[in-house]
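Peer 1: I'd like to ask some things about the structure below.
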Amino acid sequence: MHELAVCQSLLEQVERIAADHGAQRVERILLRIGPLSGVEAPLLRNAYPLAAAGTIAEGATLDIEPAPVRVHCVTCGAETDAQPNRLLCGACGDWHTRLVSGDEMLLANLELTVPEEADADSPPALL
């Protein structure tokens with residue numbers, strides 16, 4: 001399952017960030033996933049508990065937001081939303097477009113539990 005490998009890679013990144021901030025626990029992970037990323041959100045959700053077992057993120061909430069498909073038109077210069085299977089300019093209808101977003105999987109935010117001693121002089125860790 002491709003999504004299990006994606007979860008394992010994601011959790012390696014999450015664990016590095018948590019360690020950098022001295023976190024005891026990861027409470028929430030927010031991902032933005034575009035429809036052209038090749039990652040299926042439902043399969044990722046199913047793989048997450050297995051990949052997170054025994055890690056600092058075990059039991060953390062995994063929230064996934066869709067990222068829009070956006071294109072830049074080479075002909076008219078507009079940047080508009082598009083459909084995953086129709087990357088046409090929304091302004092002039094031309095097909096000479098360049099993908100701006102919609103193919104990414106982005107770690108958008110982490111909510112961490114940081115010990116009181118490490119957190120005394122700084123605001124809560126929201127990444």
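Peer 1: Taking the solvent-accessible surface of protein heavy atoms with a 1.4 Å probe, what is the per residue accessible area of region 3-127 in Å²?
Peer 2: 57 Å²
Peer 1: Still on this structure: Rounded to whole Hz and in sequence order, give me ³J(HN,Hα) for region 87-104 from the Karplus expression 6.51 cos²θ - 1.76 cosθ + 1.60, θ = phi - 60°, writing x for Gly and Pro.
Peer 2: Calculated HN-Hα couplings, in order: 7, 9, 5, x, 8, 10, x, 5, 9, 7, 10, 10, 5, 9, 8, x, 10, 9 Hz.
Peer 1: To the nearest 10 degrees, how steep is helix 2-20 against the longest Cα principal axis of the chain, on a 0 to 90 scale?
Peer 2: It is inclined by approximately 50 degrees.
Peer 1: Quick check on the chain: helices-only [θ] at 222 nm, where DSSP H runs of length 4 and up contribute -39,500 (n - 2.57) each and the sum goes over total residues. Nearest 500, please.
Peer 2: -8500 deg cm²/dmol
Peer 1: A further question on this structure: Could you point to the residue in Leu87, Gln13, Val69 farthest towards the positive end of region 1-114's charge dipole, with +1 and -1 charges on the Cβ of Lys/Arg and Asp/Glu respectively?
Peer 2: About the Cα centre, the residue reaching furthest to the positive side is Leu87.
Peer 1: Size of the dipole of region 16-127 about the Cα centre, Lys and Arg at +1 and Asp and Glu at -1 on the beta carbon, nothing else charged, in debye to 20?
Peer 2: 540 debye
Peer 1: Could you tell me how many degrees, from 0 to 90 and to the nearest 10, lie between the Cα long axis of helix 41-52 and the main elongation axis, the longest principal axis, of the Cα atoms of the chain?
Peer 2: Tilt of helix 41-52: around 20 degrees.
Peer 1: Starting from the amide H of Ala67, placed 1.01 Å from N in the peptide plane, find each other amide H under 5 Å away whose residue is 5 or more places distant or on another chain.
Peer 2: Here Ile33, Gly34 satisfy the definition.
Peer 1: I've got another one for you. Can you give the relative contact order of region 1-118 as a percent, counting alpha carbon pairs under 8 Å and 6+ residues apart?
Peer 2: That works out to 35 percent.
Peer 1: Follow-up. Taking the full set of protein chains and a 1.4 angstrom probe, give the accessible area of Glu116 in square angstrom, rounded to the nearest 10.
Peer 2: That residue has around 150 Å² of solvent-accessible surface.
The values are calculated or read from the model by the stated rules, or taken from the named source; none is laboratory data. Bear in mind that the values here come from a model prediction, so they are computed numbers and not experimental data. Ideal geometry is used to build each Cβ from the backbone, glycine not excepted, and the neighbour counts take in all protein chains shown. Heads up: the accessible areas ignore ligands, DNA and RNA and are worked out on the full protein's heavy atoms, side chains in. Shrake-Rupley method; radii C 1.70, N 1.55, O 1.52, S 1.80 Å.
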